[in-house]
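The values are calculated or read from the model by the stated rules, or taken from the named source; none is laboratory data. Fair warning: this is a prediction, and the values are worked out from it, not measured in the lab. All Cβ positions, even for glycine, are placed from backbone atoms using ideal geometry, and neighbour counts span all protein chains on display.
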Amino acid sequence: MTAVKRPAAGTLAANVCNFFAANRDECLTEEDIAIKFDFEISDIAKELRLPVRQKLLAMMKAGKRGVEYSAGEALAQAVPRRAIPKPPAGGGARNMPKIDIKKLRVEHGVPTQSNAGRGTSRYDYLFEMLTKPDQSIELPIEFQETVNSAARKYSAKHPPINLRARKASPTTCRLFRIA
């Protein structure tokens with residue numbers, strides 16, 4: 001028997017195999033996979049064809065729900081349980097709450113607050129939402145330090161732009177475009 005080749009990291013096949021390696025008793029429909037891994041439902045069967053052939057994944061008809069995938073016979077050999085990374089323990093930027101970008105509002109004319117923190121992270125997509133000076137976005141206070149640090153770095157790389165995050169209330173901060 002030839003050794004089963006693991007799917008390339010970062011591909012849908014690798015992500016699905018890693019999911020089933022950690023959750024061997026689970027089953028996912030194509031619709032579940034599309035939602036969970038943010039992938040086009042029409043491309044899933046093509047992307048998972050090789051892992052199914054290699055028996056990393058098992059595929060079965062699920063009646064009206066279409067096709068359902070689960071862990072295959074060879075999955076334990078190719079992706080052992082210990083290969084699945086554990087989530088980081090404790091705090092840190094990785095454990096911060098998720099932001100729904102679509103719910104953020106750009107505001108104009110909110111007074112700038114004083115600086116109250118430092119941190120590290122990258123929020124370029126957020127900074128690009130602020131297209132004019134004197135605009136701001138309100139964020140949860142947990143983001144103040146990381147956003148402010150990232151804003152300073154972004155401002156240094158984009159000289160005409162000057163961004164800062166300041167505390168607005170005990171529970172919120174604001175990201176300001178100053179120039």
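Some points to look at:
- Lone qualifier among LYS64, LYS55, LYS36 - being charged (D, E, K, R) and loosely packed, with under 12 Cβ neighbours inside 10 Å: LYS64
- Checked against (1) in contact with a strand residue (DSSP E or B) (Cβ under 7 Å, 6 or more places away or on another chain); (2) modelled with pLDDT under 80, MET96 passes all but a single condition, namely (1).
- Residue count for region 52-71, restricted to those that are part of a helix (DSSP H, G or I) and at pLDDT 90 or above: 2
- Tally of residues being in a helix (DSSP H, G or I) and under 12 Å from LEU56 (Cα atoms) across region 16-30: 6
- Single residue of region 135-160 satisfying the filter (surrounded by fewer than 18 Cβ atoms within 10 Å (Cβ to Cβ) and among the aliphatic types (A, V, I, L, M)) that is modelled with the lowest pLDDT: ALA156
- Here ARG82 does not fit the description of being over 30 Å from LYS153 (Cβ atoms), of a type in the set (Lys, Arg), in contact with a helix residue (DSSP H, G or I) (Cβ under 8 Å, 6 or more places away or on another chain) and modelled with pLDDT under 85.
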